[in-house]
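To keep things clear, I will list the structure first and then write my remarks on it.
Where a number appears in this text, it was derived from the coordinates with a stated rule and is not lab data. Keep in mind the model is a prediction, meaning the values are calculated, not measured. In this analysis, Cβ positions are derived from the backbone assuming ideal geometry, glycine residues included, and neighbour counts consider all displayed protein chains.
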Amino acid sequence: MEKLQQMIKKFSDAIYRKGLQFTLLISFSLVAVVMILIVTFVYSKRLSVAHEEMLEANNSSVIEQVAFGLDQSIQNMMQATNVSYYDILKDADLDVDKERVSEELSFLLRSHDPQISSIAVFDSHGEPLVVVPADRPFRKGISVKKEKWYLSAMAQIENIHISAPYVDNLFKSNGYDYPRVITFSRNVEINRGGLIYQGVLMINMNFDAAERILTQSDNSMGSFFLTQSSGNVIYHPQQILLDQKLLALPNQIKNKSQDGVYRDDSQKDSQIVTIKTMGYTGWKLVRVEPISETIPKLTDNRVVIWGLALIACLSLLIINLVISSRITTPLKNLEKAVTQIEENLDDLTIPEEGTFEIQHLSHALMTMTDTMKRLMRDIVVQQEKIRENELSVLQAQINPHFLYNTLDSTVWMIESGRYDGAIQMITALAKLFRLSLSKGKKIITIGEELEHVRNYLMIQENRYKNKFVWTILVEEELKDHPCLKLIVQPIVENAIYHGMDYIYEDGEINIRAYRIPEGINIDVEDNGPGMTEEQVKALVKGEVKFKKGSGVGFRNVAERIKLHYGPKFGLTVISEPDEGTIVRILIPFEEAEAQNGK
């Protein structure tokens, strides 16, 4: 162990004897190598993640387009089914209009060629009444009544039923062609000689139209296939390999996964599997794309090489900059310290480094900073005492003003013979003052402040019978949030005296506390006569003289909020003549905790 320590010491001494430049060169070279290795590792990992994210985004976009195309084709067929029934078949008498119905259905088929391969109408016994095109014969031994599309239409008469793709076994085809179709069927009412019978309308859609949408969207790196909601495959471009179990489905299909983008590692080559459920049929559209084939390896290597070269260049540049700046570091630290003195003294530290002169200057500057901190603390303590006294004076203005108005209202009710109302007002007044005392606290919760307002409104409600209604709404999470005491009730008082006094009935006062990004808003809204822009400015400046009350409520609240929370918070007035007034109180959002006034 001692030999190892001696070797390290000798190596260090040898480096130091080479001088400062050589020492820094060795140190920063080691740092650069480590940094390049770390950045290369992180970059390669990030490249893989970004590549997969790109695949997921691309697959989601492509599958949305394909699903839209398939849904459009199915929607067109559903519209053709509705047109066939409601516009052609429903009002026709097949005993009289059979030829016209056949011609119109033929026109509909031609207008949707090559999407529609055939249209037919069957009675309740499965016998054909109208077939388009008329020259297509039925296969022998086929019972229409046993077909799934026919049974579904007869069982559920209100819906259009869509079958899975299958080989058309109803009509004979030209040559050896056995086309695959999707059958759209629905129950219809057939008029024959004035009598109504049940029947089935069938439209066969060529599956080739849907297959073209799927194959045209395929590329060498991905493919589409369709499954039912149960997971059964109804179309796959490599169906033969799938049937012979030479090709396996992704695990997400076997597990009936929900819509989304997944990574499937069950196959030899990992692949991105994207699943999208189609709206009309409930089928699942699946896109599978191998991960390894998406970006050529040559391009990948070039990206890595250029990335490493760029990182190496930047690393060397940073090393040179650090070496050149090392000489002036002590002076720069002093410069930063002087700048920080003007901004913030709390966390200021001045390192004593460099030459003797710089160390001596750093020590003197630190001594001066400590003296300034002590003087600043003394000033802050004095200012806090002054601020607390101002808050106490401003808050004390509220209680006599409110008590005067309440007792004035009580006397008025007694003189009017409304003794029950007077008793209720005195009781509510007692509750109000018990809450307003708040055990000497200047900070209470928003819930307590609004309960204070509720008692106040109950008092005023007795005086202004049938003149206004009021509501108080507060978000649940804000009830325990701290706020200054008596900042809402003075605003409500102004809303009553200067808003409701001009309304004979149907007055409204709505109070709402809610969270916003800047803090918490408490709105006091009334539907009184409102104010002009000039009146609002005068109110904010404190130039309005009220006919009732002392007029200190608005100014008192505004000054208290700014003194306690700072100039960013306070009151905002939104008002228009004949549109009512909103006084908005803005306070900061803080962690709710019990706070006692000093």
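Past 24 Å, Cα to Cα: identify those pairs from Lys148/Lys245; Lys373/Lys442; Lys90/Lys145, in the order given.
Among Lys148/Lys245; Lys373/Lys442; Lys90/Lys145, the Cα-Cα distance tops 24 Å for Lys148/Lys245; Lys373/Lys442.
From the C-alpha gyration tensor of the stretch 31-319, pull out the three semi-axes of the equivalent ellipsoid (sqrt of 5λ each), sorted largest to smallest, in whole Å.
After scaling each eigenvalue by five and taking roots: 55, 18, 16 Å.
Note down, for the stretch 397-587, the three equivalent ellipsoid semi-axes (square root of 5 times each alpha carbon gyration tensor eigenvalue), biggest first, whole angstrom.
Semi-axes from the Cα gyration tensor: 25, 21, 16 Å.
Sort the following peptides by mean Cβ neighbour count (other Cβ atoms within 10 Å, averaged over residues), highest first: 446-452, 509-515, 31-37.
Result, highest mean Cβ count within 10 Å first: 446-452, 509-515, 31-37.
For the pair Lys10 and Lys336, what calculated FRET efficiency results from E = 1/(1 + (r/R0)^6), where r is the Cβ-Cβ distance and R0 = 45 Å, to the nearest 0.05? Don't jump to the answer; show the numbers that get you there.
On the way: r = 38 Å, r/R0 = 0.84.
After rounding to 0.05, the efficiency reads 0.75.
Hey, can you rank 88-97, 204-213 by average C-beta count inside 10 Å, highest first?
Going by the mean number of other Cβ atoms within 10 Å, highest first, we get 204-213, 88-97.
Could you give the length gained by full extension between Ser124 and Lys562, i.e. 0.36 nm per residue of separation minus their alpha carbon distance, to one decimal place?
Values: separation 438, 0.36 × 438 = 157.68 nm, distance 8.34 nm.
My answer for the length gained is 149.3 nm.
Could you work out how much longer the chain between Leu151 and Ala312 gets when fully extended? Use 0.36 nm per residue separation minus the Cα distance between them, nm to one decimal.
50.7 nm
Label Val381 and Thr367 with points 7 Å out from Cα along Cα→Cβ: what is the distance between them in nm?
2.4
For Arg374, Arg186, which order do you get if you count the other beta carbons within 10 Å of each Cβ and list the fewest first?
With the sparsest Cβ surroundings first, the list reads Arg374, Arg186.
How many percent of all Cα-Cα pairs in the stretch 207-283 sit more than 19 Å apart? Walk me through the intermediate numbers first.
On the way: 1070 of 2926 pairs.
Tail of P(r) above 19 Å: 37 percent of Cα pairs.
Describe numerically, in nm with one decimal, the distance between label points set 7 Å from Cα along Cα→Cβ at Tyr166 and at Leu247.
Placing both labels 7 Å beyond Cα along the Cβ direction yields 2.3 nm.
How do Glu56, Glu505, Glu576 rank when sorted from fewest to most other Cβ atoms within 10 Å of their own Cβ?
Glu505, Glu576, Glu56
Quick one: Ser106, Ser73, Ser117, fewest Cβ neighbours within 10 Å first, how do they rank?
With the sparsest Cβ surroundings first, the list reads Ser106, Ser73, Ser117.
Working out 0.36 nm times the residue gap between Val573 and Tyr404, then minus their Cα-Cα distance, what length gain in nm do you get to one decimal? Provide the component values of the computation, followed by the final result.
Values: separation 169, 0.36 × 169 = 60.84 nm, distance 2.59 nm.
Taking Val573 through Tyr404 to full extension adds about 58.3 nm, to one decimal.
Please work out the FRET efficiency for the pair Glu415 and Thr471, using the Cβ-Cβ distance as r and a Förster radius of 22 Å; give the result to the nearest 0.05.
Using R0 = 22 Å, I get an efficiency of 0.10.
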